[in-house]
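The values are calculated or read from the model by the stated rules, or taken from the named source; none is laboratory data. This is a predicted model, so every value here is computed, not measured. Cβ atoms come from the backbone with ideal geometry, glycine included; neighbour counts cover every protein chain shown.
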Number of protein chains: 2
Amino acid sequence: MIARGEITSRALVDACLERWRARDAVVRAWTFLDPELALAQADAADAAPAEARGPLHGVPVGIKDILYTRDMPTSFNSPHFQNHFPKIDAASVAVLRQAGAIILGKNDTVEFAVNGRRAATTNPHDAARTPGGSSSGSAAAVADGQVLLSLGTQTGGSVIRPASYCGVWGFKPTWNAVSHEGFKVCAASFDTLGWYGRTAGDLELLAEVFGIRDDAVPAFASLDGMRFGLCRSPVWHQAEESAREALSTTAEMLRNAGAEVVEVDLPATFDGLTNAHKVIMQSEMRSAFLPEHRLIGKDLYPELVGILANEARQTRADLLAAQDLAASCRAEFDAIAAEYDAILTPSTAGVAPLGPENTGAATFNRIWTLLHTPCVNVPGLTGPEGLPIGVTLTGPRFRDRQILAASALLGREVTAKLPQAA
Amino acid sequence: MIARGEITSRALVDACLERWRARDAVVRAWTFLDPELALAQADAADAAPAEARGPLHGVPVGIKDILYTRDMPTSFNSPHFQNHFPKIDAASVAVLRQAGAIILGKNDTVEFAVNGRRAATTNPHDAARTPGGSSSGSAAAVADGQVLLSLGTQTGGSVIRPASYCGVWGFKPTWNAVSHEGFKVCAASFDTLGWYGRTAGDLELLAEVFGIRDDAVPAFASLDGMRFGLCRSPVWHQAEESAREALSTTAEMLRNAGAEVVEVDLPATFDGLTNAHKVIMQSEMRSAFLPEHRLIGKDLYPELVGILANEARQTRADLLAAQDLAASCRAEFDAIAAEYDAILTPSTAGVAPLGPENTGAATFNRIWTLLHTPCVNVPGLTGPEGLPIGVTLTGPRFRDRQILAASALLGREVTAKLPQAA
């Protein structure tokens, strides 16, 4: 609409701010939002000549508050970084600005995007429930209509889980398809930038902005004739009834639309990936958080202190065994998944639990983060009390656009079959 | 001496500044050095109570100018970033400060630590020759006695090559043993922080400061009875006479000291690693430099523009094949190298070539960077015209302290046998 001249960026930002003012006392999705700064960016966008307008021209975006922004503070939602203000943009924020985006503000997060202090954010569907973590504010702000797009990050399940709980589209690309420069590092082998939107098209728009390309994308016309793998994953025993139903409902929808759905059992070696994820993440955190460990020490939250002190006594041999298992399973999963147009798997064990202390678990996300595969949360289904629950489509590494295209078709089907979720 | 109260930090910094003033017109190792700022840090260190003194208390360190420093600009030696001043410390710089170090200034580098604009730095042993790249200023400043320690980074051969050319000790730890947060990313799978010093003990001191630990370190009493692998590597045909002599001289020294030296041939699969390094590095650069590509475009230096435009037409399949080969060779090399106390291999193809345009090549470093193994440049040998040439000791991943300990023993032998290099 901006491109067609049907709306100004100022009007769009004003509408976001209006929603924010009406709902912020309940949803609390932002650690920093300066209306004047946002409107100044919008006015500058509206004044820009047509030839200087990028694909996100005038569109407001929320930024998880572990990503650096040159004109806004970055707190990591840590009590130790409340006055932290690096005057630099994360690589991803710089790309958004160059594409014309308005940086609306900073979205609340679980402390350091790991654990510890929770975001103040509530689930827009039920304020007693968690929006999920760690990209809590990014998912909730989009779900609540306070912003159109937002950036999050995932090291365990921090993009996909909040998307499932909040009922929005979420995308974690293949590891390192997008630069992770300029955000607080947790585990360098896993940290992945991701994003949220209201539609599959939103996710694809940002994929285009971030230059994500597959070698080739199959031209899917419809679900009819497509081939999906159904992977319950090695942690299926932890799925609640709502997740089981979401998966079977989706599989049935796919079959009814003419797609083939084939059960995929991962080899027994994949059973070790959840533990491998833990060993790699915690070992790498000891490199990443060494400055905080030295400077802040025991005033960090107790679980982090325990990890940094290596109370679990993880050895370098443990780390190498985990890394080498991860690497061999990456190649193995690519080969398995190449037989399908996409792999269907749970996004979360169930609907959003009661918050704020419990932000849910990354149980169903960790192995995909470890495997570096592209993951889309397809929203639209609901569980108990009408709460949202998503399903994940994934596939081989660097088939990001293929998985996004398959997800768009699935999303259309979900919307058509369950109009209450539209 | 500082710890014993025999010298003040101010006297030490003054001595460095005196050397800098005497030599800077020739060596040009710094992009930023503010004597007043350095002396103010030294005075603060001298005023600190004994209980607040860390292991680097009052010791000046140079910082490669791609690492962020909260009180100094960071130019990447790029014409496009001359006014770049992120008010944040890289994780490694924060750790140094907490340990008591004085940040003396920023060391010149090849543009973005990749290619393009050369550092203004010359080789302290012969101003007509390159100090090597990309950590040119970091190596030269230590070699010339302008600073005691310095930080560099390596994505191809950017720590070890300058150490060999400048005749200083250099160390590239196992990948991600030290956080690479806070420097300009080139290739996330390879970027490794490293450092320079005047002795093996200098390298070990910083390893301790950066919390680098092996599971266990053999107690080497002397070279007598130790077991070394001699690995000419798949690029041996590119070794010049000086590198061949350095390797055979070192092997002879080891044997004369009672060590066993066994030829190690790498499996044929390792022949693909040089190309795999190129594919991974260039593919990952397209993620890392997307902001610069979008914002600066064709005004970047031509080789970088070609890589960012993917003129080589590298596919995602090429990248994945390279990544999976790298991963399997990492595990395979660990098993091969575990049979030895350390692996001896060339540091460079020869002595420093005539500069400034030619900064030498990373030929003999790339596969170790890709394999993530710890590498030490042991200096002391010389080639034509008395120019320095080093040799590398490496070993399995996360045997960093073992390789440092073996290097210290080798260094003692080199110094004893070649007194002119002491």
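Hey, A:Ala207 hits all of (1) buried (at least 24 other Cβ atoms within 10 Å of the Cβ); (2) touching a strand residue (DSSP E or B) at 6+ places or on another chain (Cβ under 8 Å); (3) not polar (S, T, N, Q) but one; which does it fall short on?
Going through the list (1) buried (at least 24 other Cβ atoms within 10 Å of the Cβ); (2) touching a strand residue (DSSP E or B) at 6+ places or on another chain (Cβ under 8 Å); (3) not polar (S, T, N, Q), A:Ala207 breaks only (1).
Among A:Glu332, A:Glu311, A:Glu284, A:Glu303, which is facing chain B (nearest Cβ under 7 Å) and closer than 24 Å to A:Thr363 by Cβ? Working first, answer last.
Details: A:Glu332 fails: facing chain B (nearest Cβ under 7 Å); A:Glu311 fails: facing chain B (nearest Cβ under 7 Å); A:Glu303 fails: facing chain B (nearest Cβ under 7 Å).
The conditions single out A:Glu284.
Does A:Glu245 qualify as being more than 25 Å from the chain's Cα centre (by Cα), modelled with pLDDT of 95 or more and assigned to a helix (DSSP H, G or I)?
No.
Yes/no matrix, rows are residues, columns are (1) closer than 16 Å to A:Ile102 by Cα; (2) within 23 Å of the chain's Cα centre (by Cα); (3) at pLDDT 95 or above:
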{"site": "A:Asp46", "(1), (2), (3)": "yes, no, yes"}
{"site": "A:Glu51", "(1), (2), (3)": "no, no, no"}
{"site": "A:Gly54", "(1), (2), (3)": "yes, no, yes"}
{"site": "A:Gly62", "(1), (2), (3)": "yes, yes, yes"}
{"site": "A:Arg70", "(1), (2), (3)": "yes, yes, yes"}
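Can you pull out every residue in the range A:108-124 that is under 15 Å from A:Gly152 (Cβ atoms) and either of a type in the set (Gly, Ala, Ser) or assigned to a loop (DSSP other than H, G, I, E, B) (or both)?
A:Asp108, A:Thr109, A:Val110, A:Ala113, A:Val114, A:Ala119, A:Thr121
Take the residues in the range A:220-232 that are surrounded by 20 or more Cβ atoms within 10 Å (Cβ to Cβ) and out of contact with any helix residue (DSSP H, G or I) (no Cβ under 6 Å at 6 or more places or on another chain); name whichever of them is farthest from A:Leu344 (Cα to Cα).
Step one: list which residues in the range A:220-232 are surrounded by 20 or more Cβ atoms within 10 Å (Cβ to Cβ), which gives A:223, A:226, A:228-229, A:231.
Now narrow it down to the ones that are out of contact with any helix residue (DSSP H, G or I) (no Cβ under 6 Å at 6 or more places or on another chain): A:226, A:229, A:231.
On the way: A:Met226: 13, A:Gly229: 6, A:Cys231: 6 Å.
Selected residue: A:Met226.
Here is a yes/no grid of residues against (1) touching a Gly at 6+ places or on another chain (Cβ under 9 Å); (2) among the basic types (Lys, Arg); (3) surrounded by 20 or more Cβ atoms within 10 Å (Cβ to Cβ):
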{"position": "B:Ser179", "(1), (2), (3)": "no, no, yes"}
{"position": "B:Gly182", "(1), (2), (3)": "no, no, yes"}
{"position": "B:Ala251", "(1), (2), (3)": "no, no, no"}
{"position": "B:Ala259", "(1), (2), (3)": "yes, no, yes"}
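Residue by residue, here is whether (1) surrounded by fewer than 19 Cβ atoms within 10 Å (Cβ to Cβ); (2) small (Gly, Ala, Ser) holds:
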| residue | (1), (2) |
| --- | --- |
| B:Glu284 | no, no |
| B:Gly297 | yes, yes |
| B:Pro302 | yes, no |
| B:Val305 | yes, no |
| B:Thr315 | yes, no |
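Would you point out which residue out of A:Arg227, A:Arg255, A:Arg244 is of a type in the set (Lys, Arg) and touching a Pro at 6+ places or on another chain (Cβ under 9 Å)? Walk me through it before giving the result.
Numbers: A:Arg227 fails: touching a Pro at 6+ places or on another chain (Cβ under 9 Å); A:Arg255 fails: touching a Pro at 6+ places or on another chain (Cβ under 9 Å).
The match here is A:Arg244.
Please go through the range A:365-422 and pick out each residue that is of a type in the set (Phe, Trp, Tyr) and in contact with an Asp or Glu (Cβ under 7 Å, 6 or more places away or on another chain).
Step one: filter the range A:365-422 for residues of a type in the set (Phe, Trp, Tyr), giving A:368, A:398.
Once the filter is applied, which keeps residues that are of a type in the set (Phe, Trp, Tyr) and in contact with an Asp or Glu (Cβ under 7 Å, 6 or more places away or on another chain), the range A:365-422 yields only A:Phe398.
Would you confirm whether any residue within the range A:101-115 is modelled with pLDDT of 95 or more, within 20 Å of A:Leu37 (Cα to Cα) and charged (D, E, K, R)?
yes
Quick check: anything in the range B:254-273 assigned by TED's automatic domain parsing to the domain that holds B:Arg232 and within 30 Å of B:Arg129 (Cβ to Cβ)?
Within the range B:254-273, one or more residues are assigned by TED's automatic domain parsing to the domain that holds B:Arg232 and within 30 Å of B:Arg129 (Cβ to Cβ).
Is it the case, given these coordinates, that A:Leu96 is at pLDDT 95 or above, within 13 Å of chain B (Cβ to nearest Cβ) and in a loop (DSSP other than H, G, I, E, B)? Please lay out each step first, then the result.
Details: at pLDDT 95 or above: yes; within 13 Å of chain B (Cβ to nearest Cβ): yes; in a loop (DSSP other than H, G, I, E, B): no.
Spelling it out, it is not the case that A:Leu96 is at pLDDT 95 or above, within 13 Å of chain B (Cβ to nearest Cβ) and in a loop (DSSP other than H, G, I, E, B).
Look through B:Lys87, B:Lys64 and report the one residue that is touching a Pro at 6+ places or on another chain (Cβ under 7 Å) and not hydrophobic (A, V, I, L, M, F, W, C). Let's see the steps before the verdict.
Numbers: B:Lys64 fails: touching a Pro at 6+ places or on another chain (Cβ under 7 Å).
Exactly one of B:Lys87, B:Lys64 is touching a Pro at 6+ places or on another chain (Cβ under 7 Å) and not hydrophobic (A, V, I, L, M, F, W, C), namely B:Lys87.
Kindly establish whether B:Ala322 is within 30 Å of A:Cys329 (Cα to Cα) and more than 10 Å from chain A (Cβ to nearest Cβ). Give the derivation first.
Details: within 30 Å of A:Cys329 (Cα to Cα): yes; more than 10 Å from chain A (Cβ to nearest Cβ): yes.
When the stated conditions are applied, B:Ala322 passes them.
Which residue is surrounded by the fewest Cβ atoms within 10 Å (Cβ to Cβ), if the candidates are limited to the range B:233-247 and must be out of contact with any strand residue (DSSP E or B) (no Cβ under 7 Å at 6 or more places or on another chain) and within 20 Å of B:Tyr165 (Cβ to Cβ)?
It comes out as B:Glu241.
When A:His80 is evaluated against the numbered criteria (1) assigned to a loop (DSSP other than H, G, I, E, B); (2) out of contact with any Leu (no Cβ under 7 Å at 6 or more places or on another chain); (3) within 14 Å of chain B (Cβ to nearest Cβ); (4) on the phi < 0 side of the Ramachandran plot, which criterion, by number, is the only one it fails?
Answer for A:His80: the failing condition is (1).
Which condition does B:Ala221 not pass, out of (1) in contact with a strand residue (DSSP E or B) (Cβ under 9 Å, 6 or more places away or on another chain); (2) not assigned by TED's automatic domain parsing to the domain that holds B:Ile66, if it passes all the others?
Tallying (1) in contact with a strand residue (DSSP E or B) (Cβ under 9 Å, 6 or more places away or on another chain); (2) not assigned by TED's automatic domain parsing to the domain that holds B:Ile66, B:Ala221 fails exactly one: (1).
With respect to the numbered conditions (1) without any contact (Cβ under 8 Å) to a residue 24 or more places away in the chain; (2) under 27 Å from A:Tyr165 (Cβ atoms), which one is the sole condition not fulfilled by A:Ala216?
Failed condition: (2).
Might you check whether a residue that is surrounded by fewer than 24 Cβ atoms within 10 Å (Cβ to Cβ), at pLDDT 95 or above, in a strand (DSSP E or B) and of a type in the set (S, T, N, Q) occurs anywhere in the range B:386-396?
no
With (1) within 14 Å of another protein chain (Cβ to nearest Cβ); (2) under 18 Å from the mean Cα position of the chain (by Cα) as the list, and B:Ala29 as the residue in question, which single condition is left unmet?
Only one criterion is unmet by B:Ala29, namely (1).
One residue is enough: does the range A:349-364 have a residue meeting the conditions surrounded by 22 or more Cβ atoms within 10 Å (Cβ to Cβ), part of a strand (DSSP E or B) and either within 15 Å of the chain's Cα centre (by Cα) or at pLDDT 95 or above (or both)?
Scanning the range A:349-364, I find no residue that is surrounded by 22 or more Cβ atoms within 10 Å (Cβ to Cβ), part of a strand (DSSP E or B) and either within 15 Å of the chain's Cα centre (by Cα) or at pLDDT 95 or above (or both), so the answer is no.
Among the residues of the range B:20-33 satisfying the criterion of being out of contact with any helix residue (DSSP H, G or I) (no Cβ under 9 Å at 6 or more places or on another chain) and not in a strand (DSSP E or B), which is surrounded by the most Cβ atoms within 10 Å (Cβ to Cβ)?
First, the residues of the range B:20-33 that are out of contact with any helix residue (DSSP H, G or I) (no Cβ under 9 Å at 6 or more places or on another chain): B:22-26, B:32.
Subsequent filtering for residues that are not in a strand (DSSP E or B) retains B:22-26.
Numbers: B:Ala22: 13, B:Arg23: 18, B:Asp24: 16, B:Ala25: 8, B:Val26: 12.
Only one residue fits best here, namely B:Arg23.
Of all residues in the range A:284-294, count the ones that are touching a residue at least 60 places away in the same chain (Cβ under 8 Å) and not aromatic (Phe, Trp, Tyr). Write out each step before concluding.
Looking only at the range A:284-294, we keep the residues that are touching a residue at least 60 places away in the same chain (Cβ under 8 Å), and these are A:284-285, A:287-289, A:292.
Now drop any that are not not aromatic (Phe, Trp, Tyr), which leaves A:284-285, A:287-288, A:292.
Qualifying residue count, the range A:284-294: 5.
Here is a yes/no grid of residues against (1) under 30 Å from A:Leu410 (Cβ atoms); (2) assigned by TED's automatic domain parsing to the domain that holds A:Trp236; (3) of a type in the set (Lys, Arg):
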{"position": "A:Asn310", "(1), (2), (3)": "no, no, no"}
{"position": "A:Thr315", "(1), (2), (3)": "no, no, no"}
{"position": "A:Ala335", "(1), (2), (3)": "yes, yes, no"}
{"position": "A:Glu357", "(1), (2), (3)": "no, yes, no"}
{"position": "A:Gly360", "(1), (2), (3)": "yes, yes, no"}
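Which members of the range B:1-19 meet the condition of being touching a residue at least 24 places away in the same chain (Cβ under 8 Å), under 16 Å from B:His57 (Cβ atoms) and in a helix (DSSP H, G or I)? Before you say what the answer is, go through the steps one by one.
In the first step, residues of the range B:1-19 are kept if they are touching a residue at least 24 places away in the same chain (Cβ under 8 Å); the result is B:2-3, B:8-10, B:12-14, B:16, B:19.
Then keep just the ones that are under 16 Å from B:His57 (Cβ atoms); that gives B:2-3, B:8-10, B:12-13, B:16.
Result: B:Ser9, B:Arg10, B:Leu12, B:Val13, B:Cys16.
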